[in-house]
Number of protein chains: 2
Amino acid sequence: MMKRRSGDRENRRKGKSLFPASPLPRFSGSRFSVPGFKAAGIACGIKKNNKKDLALIFSEAPATVAGLFTTNKIKAAPVLVDMQRIKKGVCHAVIINSGNANACTGKKGMTAAVKTVTLIEKALDIKKGLAMVSSTGVIGELLPVVNGIEKGIPKLIDALSEEGWDNAAKAIMTTDAFPKIAFEKGKIDGKEVSMLGIAKGAGMICPDMATMLAYIVTDAAVEQNALQNALKNAVNKSFNSITVDGDTSTNDTVLALANGKAGNRPVGSKQYAVSSKDYKTFCGMLEKVCLKLAHMIVRDGEGATKFLEIKVKGAKKEADAKNIALVIANSLLVKTAFFGEDANWGRIMAAIGRAGVDIIGEKISIYFNNTPVVKNGSGTSRDKEADKVIKKKDICLTVDLGMGKAGATVWTTDLTYEYVKINAAYRT
Amino acid sequence: MMKRRSGDRENRRKGKSLFPASPLPRFSGSRFSVPGFKAAGIACGIKKNNKKDLALIFSEAPATVAGLFTTNKIKAAPVLVDMQRIKKGVCHAVIINSGNANACTGKKGMTAAVKTVTLIEKALDIKKGLAMVSSTGVIGELLPVVNGIEKGIPKLIDALSEEGWDNAAKAIMTTDAFPKIAFEKGKIDGKEVSMLGIAKGAGMICPDMATMLAYIVTDAAVEQNALQNALKNAVNKSFNSITVDGDTSTNDTVLALANGKAGNRPVGSKQYAVSSKDYKTFCGMLEKVCLKLAHMIVRDGEGATKFLEIKVKGAKKEADAKNIALVIANSLLVKTAFFGEDANWGRIMAAIGRAGVDIIGEKISIYFNNTPVVKNGSGTSRDKEADKVIKKKDICLTVDLGMGKAGATVWTTDLTYEYVKINAAYRT
C-alpha cells in the first residue's frame with residue numbers, strides 16, 4: 001500500500017495541460033544534438049507498463065560541470081552523492097532514474113546511489129568518481145538497483161546516440177504531460193557552439209512543485225567558475241522565477257556540462273576575462289535555454305488553463321520587485337480569479353501590500369496586458385477591456401510601483417479544480 | 001461592474017462549511033453579556049437584500065483599549081484612523097460596517113472613515129476621539145456614509161442592548177457561513193469577571209484569508225500595557241496560528257476593551273504586578289476566547305471538509321516549531337492529500353525540509369492522531385491504521401523533530417474543489 005502513495009506523484013493521474021504555445025514548441029523527435037555528447041532513455045522496470053525510467057547523458061571526454069541542488073533540508077541520497085562529486089569540477093556521465101526518488105531511505109538509500117554511479121562508471125569504463133546520479137519519483141521506497149538499474153545499464157549504453165535526447169527527456173518524466181527540451185546555437189570566440197537542455201517538472205507557483213530536474217550540455221569551452229556563475233544567474237532568472245525560493249523538493253537538481261569540443265578559448269579563462277562579450281553571449285544562451293525549459297514547466301502546471309507573466313517594475317531594488325511578483329503569483333485568490341476570468345485587482349493590491357516591501361499604495365498602477373485597471377492606487381473603470389484581456393490564454397500582468405527603476409518577472413498559471421482533483425486523487 | 005468584484009468576497013457564493021464541532025458550539029441566540037457593555041447589529045443598506053451590515057459596540061464608560069492591526073502595507077482608511085486613535089489608550093464605542101472595506105479609496109476614503117467616527121460620537125454624545133471604526137467588504141469602492149451609515153445610526157443606537165452580540169456578530173460577516181462568538185468567565189482579585197468576543201473571517205492557511213476582525217470585551221479592570229501584552233500573546237497563539245505571519249488583508253483588526261466594571265484592582269498595576277496569578281488568569285481567559293474564535297474561523301474555511309491540528313514538538317525553539325507547522329499547514333499537496341484521505345507522509349517530510357529550520361531527517365517521527373507513520377525518518381508500514389485515521393473529520397498531525405523540547409500548534413483545513421469554485425466564481 002505505502003508503495004504507491006508516499007512522496008512524489010508518480011502514479012498520479014495527470015490533468016490536461018496547457019499546450020506550449022509558440023515560441024515554446026512541443027518537442028517532437030530528435031532534432032537536436034551537441035558535438036561530443038550522447039544521450040539515451042530506456043525502460044528498466046522501475047515504472048510500470050514498460051514506461052521509460054532510466055536516462056543517461058554521456059560526454060566523450062570529461063566535461064566541466066556546474067550544479068545547483070535543492071535547498072530542502074531533507075536531501076535525497078543522489079543529491080548528497082552529487083554534492084560531493086561536483087567538487088571535482090568534472091563530470092563524464094549522468095545517470096537519472098524516474099519512478100523512485102531514493103529519498104527518506106536512510107543508509108540503504110546512500111548505498112543504492114553509490115552503487116548506481118559505480119555500476120555506470122564500470123559499464124562505461126570511465127574514471128571512478130566522474131559519474132553523477134539523479135532520482136525522481138516516490139519518496140520512502142528503496143531504489144531497485146539490482147533488479148532495475150543494473151539490469152538496464154547494458155541496454156541503456158547500447159541506446160546511447162547523439163540524437164538520444166528525446167528518449168532521455170521522456171525517461172526523466174514523472175507527472176509531466178510532455179517531455180521538455182530546448183536548444184540554442186551561438187558564436188563564441190569565432191566558433192559555432194551548441195547548447196541543449198532537458199528538464200522535468202510540472203507545477204505552478206505556490207508550494208509543492210514536483211521535483212525539478214534539468215541538465216544542460218554545451219560544446220563550448222568554459223572554465224568551471226564561469227560556468228557556475230553563469231548557471232546561478234540563469235537559474236535565478238528562470239527556474240527560480242517560476243517558484244518561491246526555498247520551495248524545493250528533496251531531489252531538485254540542475255547540472256550544466258561543457259565539454260569544450262567547439263574549440264573556443266575557454267570562456268572565463270584569465271587571458272580572456274569574464275567580462276568579455278563571449279561570456280555575455282554564453283550567459284545569454286544559458287539563460288534562454290533555462291527560460292524555455294522553465295516556461296515549459298509552467299505550461300505543464302497541473303490542470304492549468306492560463307499562462308501568466310507577472311511583471312513588477314518601478315521598484316527600488318530588483319529583490320523587492322521579485323518578492324512582490326512571487327507573492328502575487330503565489331496568491332490563491334489571484335490564481336483562482338484568473339481561472340474564473342475575473343479581473344479582480346483588489347486581490348492583487350492586497351497581495352502587493354503583504355509582500356513585506358515598502359510601497360506607497362497611491363503610487364501603484366496595474367495593467368492587464370496594456371489595459372490599465374489601477375492608476376494611483378485606485379480603479380480606472382476600464383473593466384470592460386480588462387474583461388476581454390482576462391479571457392486570453394496568455395496574459396501579462398504588469399504592476400508599476402512608481403518607486404524606482406528596478407524590476408523582475410515571474411511566470412505562473414491559474415489554479416483550477418483540476419489541480420485539486422489531481423493532487424487529492426492520485427492513488428485512484 | 002467593478003462594484004461587485006474588487007477585493008473582498010462580499011457577494012460570493014459560499015460553500016458548505018464545516019459545522020463547528022464541540023466544544024465549539026454553533027452560536028444560537030443571545031446567551032451572553034458583559035456588564036457595562038452593549039452591542040447592536042442592523043441593516044443600513046450597504047449590503048443588498050436587507051442583510052445586516054452595521055454593528056456597534058458601546059461601553060457605558062470609556063474603556064481601556066488594546067489593539068493589533070494588519071501588517072499589510074496597503075492599509076484601509078479605518079485601520080489608519082484606529083491606529084491613531086488607539087494611542088489614547090481609551091475607547092468608548094466601536095462602529096463596524098460590512099459590505100465595503102473602504103480600502104484603496106484614497107483621500108475620500110479617509111474622509112469617509114473620519115466622518116463615520118464623528119457621526120457616531122455625536123449620536124452617542126461621547127467625547128471626541130473616543131470612537132473607533134472598522135470596515136470589511138469590497139475593496140476600491142467609496143463607503144456610502146451619507147446614504148448608508150448616517151441614515152442607519154439612529155436605528156443602530158436604538159438597537160443597542162446588553163444581549164445584542166448575536167446581531168453584532170452577524171452584522172460584521174462577509175463570506176462567513178456562521179456568526180462567531182465566544183464567552184469565558186473567571187475570577188480575578190476575588191471578583192467574578194466576564195469576557196466576550198465576536199469575530200468574522202473565513203479561511204484556511206495559505207495566502208488570502210478574507211479580512212479577519214475580532215472584538216473582545218471584558219468587565220475586568222486591566223492597565224493598558226498589560227492589556228496590550230496579553231492581547232499580543234493571545235493573538236500569537238490563536239489568530240496568528242491559523243495564518244502565516246504577514247498573510248494579512250488590508251483591514252485586519254483585533255481590539256480588546258476592558259471597562260473595569262467588575263471592580264477588581266487593575267491587572268498590571270504597580271501595586272499588583274504583571275507576574276501575578278490574576279494576570280495569568282486574565283491572559284488565560286483572553287487566550288481561550290481568541291482560540292475559540294480562531295478555531296471557528298478555520299472551521300468556516302471555504303469548502304473545507306476537515307479540521308486539522310498540526311502539532312510540532314521536539315524543536316530547539318518555539319519559532320522553529322511554528323515555522324514548520326505553518327509550512328506543513330500551508331502546503332497545497334498536504335492539504336489536497338487530506339481532502340483525498342491519503343496518508344501521504346512523503347509530502348509532509350518534503351514540507352518539513354523546506355521550512356528553513358535545521359532538522360535531521362533521521363530524527364523525525366510523524367503521527368496521525370496516535371498512529372506513528374514515520375519513525376527515524378522512514379515509514380512504519382502502519383498505513384492501514386493511518387487510512388482509518390485520515391477518514392475522520394478532526395485529525396491531529398503530530399511531528400516530533402527529536403531535536404529539543406519546544407513546540408507549537410497551528411490549525412488549518414484541507415483544500416477542496418469547493419475552495420477553487422467559490423473563489424473563481426464569486427461573481428456568478
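Here is a yes/no grid of residues against (1) modelled with pLDDT of 90 or more; (2) within 13 Å of chain B (Cβ to nearest Cβ); (3) closer than 28 Å to B:Ala304 by Cβ:
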| site | (1), (2), (3) |
| --- | --- |
| A:Ser365 | yes, yes, no |
| A:Ile390 | yes, yes, yes |
| A:Asp414 | no, yes, yes |
| A:Ala424 | no, yes, yes |
* Asked: For the range B:353-363, how many residues meet the condition of being among the β-branched types (Val, Ile, Thr) and either closer than 11 Å to B:Leu397 by Cβ or at the interface with chain A (Cβ under 8 Å from one of its Cβ atoms) (or both)?
  -> 2
* Residues B:Thr136, B:Thr118: which one is within 14 Å of chain A (Cβ to nearest Cβ) and either within 25 Å of the chain's Cα centre (by Cα) or of a type outside the set (Phe, Trp, Tyr) (or both)? -> B:Thr136
* To do: Could you look through the range B:60-74, keep only residues that are buried (at least 22 other Cβ atoms within 10 Å of the Cβ) and out of contact with any Leu (no Cβ under 6 Å at 6 or more places or on another chain), and pick out the one that is farthest from B:Asn229 (Cα to Cα)?
  => B:Ile74
* **Residues (more than 19 Å from A:Gly41 (Cα to Cα) and in contact with a Pro (Cβ under 9 Å, 6 or more places away or on another chain)) located in the range A:103-119** => A:Ala103, A:Gly109, A:Ala112
* Report yes if B:Glu385 is closer than 30 Å to A:Tyr417 by Cα, acidic (Asp, Glu), more than 25 Å from the chain's Cα centre (by Cα) and within 12 Å of another protein chain (Cβ to nearest Cβ), otherwise no. => yes
* Every pair of residues 6+ apart whose Cβ atoms lie under 6 Å, when the first sits in the range B:45-57 and is crowded, with 22+ Cβ neighbours inside 10 Å while the second is in a loop (DSSP other than H, G, I, E, B) and among the basic types (Lys, Arg) -> B:Asp53/B:Lys47
* **Scope the range A:392-418; condition in a loop (DSSP other than H, G, I, E, B) and either over 12 Å from A:Ala329 (Cα atoms) or not acidic (Asp, Glu) (or both); matching residues** => A:Lys392, A:Lys393, A:Leu401, A:Gly402, A:Met403, A:Gly404, A:Lys405, A:Leu415, A:Thr416
* Has the range A:240-249 got at least one residue that is within 12 Å of the chain's Cα centre (by Cα) and either surrounded by fewer than 22 Cβ atoms within 10 Å (Cβ to Cβ) or free of Cβ contacts under 8 Å to residues at least 24 places away in the same chain (or both)? -> yes
* Since B:Ile359 meets every condition but one in (1) under 26 Å from the mean Cα position of the chain (by Cα); (2) at pLDDT 90 or above, which condition does it not meet? -> (1)
* Asked: B:Ile324 fails exactly one of the following numbered conditions: (1) in the same structural domain as B:Asp166 (by TED's automatic domain parsing); (2) under 30 Å from B:Ile364 (Cβ atoms). What is the number of that condition?
  -> (1)
* Asked: Can you pull out the residues in the range A:367-382 that are within 11 Å of chain B (Cβ to nearest Cβ) and either of a type in the set (Val, Ile, Thr) or in a loop (DSSP other than H, G, I, E, B) (or both)?
  -> A:Val373, A:Val374, A:Asn376, A:Gly377, A:Thr380, A:Ser381, A:Arg382
* Do any helices (runs of 4 or more DSSP H) lying entirely in the range A:90-184 carry at least 1 residues that are over 15 Å from A:Ala55 (Cβ atoms) and not hydroxyl-bearing (Ser, Thr, Tyr), and which ones are they? -> A:106-124, A:151-159
* Going by the structure shown, is A:Ala40 within 19 Å of the chain's Cα centre (by Cα) and either β-branched (Val, Ile, Thr) or not in a loop (DSSP other than H, G, I, E, B) (or both)? -> no
* Which one is nearest to the other protein chains (Cβ to nearest Cβ) among residues in the range A:68-89 that are more than 12 Å from A:Cys104 (Cα to Cα) and in a loop (DSSP other than H, G, I, E, B)? -> A:Asn72
* Asked: In the set B:Gly263, B:Gly190, B:Gly186, B:Gly201, which member is out of contact with any Phe, Trp or Tyr (no Cβ under 7 Å at 6 or more places or on another chain), surrounded by fewer than 24 Cβ atoms within 10 Å (Cβ to Cβ) and at pLDDT below 95?
  -> B:Gly190
* **A:Gly15, sole failed condition from (1) out of contact with any strand residue (DSSP E or B) (no Cβ under 7 Å at 6 or more places or on another chain); (2) more than 14 Å from chain B (Cβ to nearest Cβ); (3) modelled with pLDDT under 95** => (2)
* Condition test on A:Lys317, is it over 30 Å from A:Tyr215 (Cβ atoms) and not assigned by TED's automatic domain parsing to the domain that holds A:Ser241? -> yes
* Asked: Among the residues of the range B:319-341, is any surrounded by fewer than 24 Cβ atoms within 10 Å (Cβ to Cβ), more than 14 Å from chain A (Cβ to nearest Cβ), in contact with a strand residue (DSSP E or B) (Cβ under 8 Å, 6 or more places away or on another chain) and charged (D, E, K, R)?
  -> no
* Structure fact -> Across the range B:82-108, the tally of residues that are closer than 22 Å to B:Ser249 by Cα, touching a helix residue (DSSP H, G or I) at 6+ places or on another chain (Cβ under 7 Å) and surrounded by fewer than 24 Cβ atoms within 10 Å (Cβ to Cβ) stands at 1
* To do: Confirm whether A:Ile310 is more than 12 Å from chain B (Cβ to nearest Cβ), under 11 Å from A:Val399 (Cβ atoms) and within 21 Å of the chain's Cα centre (by Cα).
  => yes
* **Verdict on B:Ala350 being facing chain A (nearest Cβ under 8 Å), in contact with a helix residue (DSSP H, G or I) (Cβ under 9 Å, 6 or more places away or on another chain) and aliphatic (A, V, I, L, M)** => yes
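The values are calculated or read from the model by the stated rules, or taken from the named source; none is laboratory data. Predicted model only: the values in this text are computed from it and were never measured. Cβ sites come from the backbone with ideal geometry, for glycine too, and all protein chains shown count toward neighbours.
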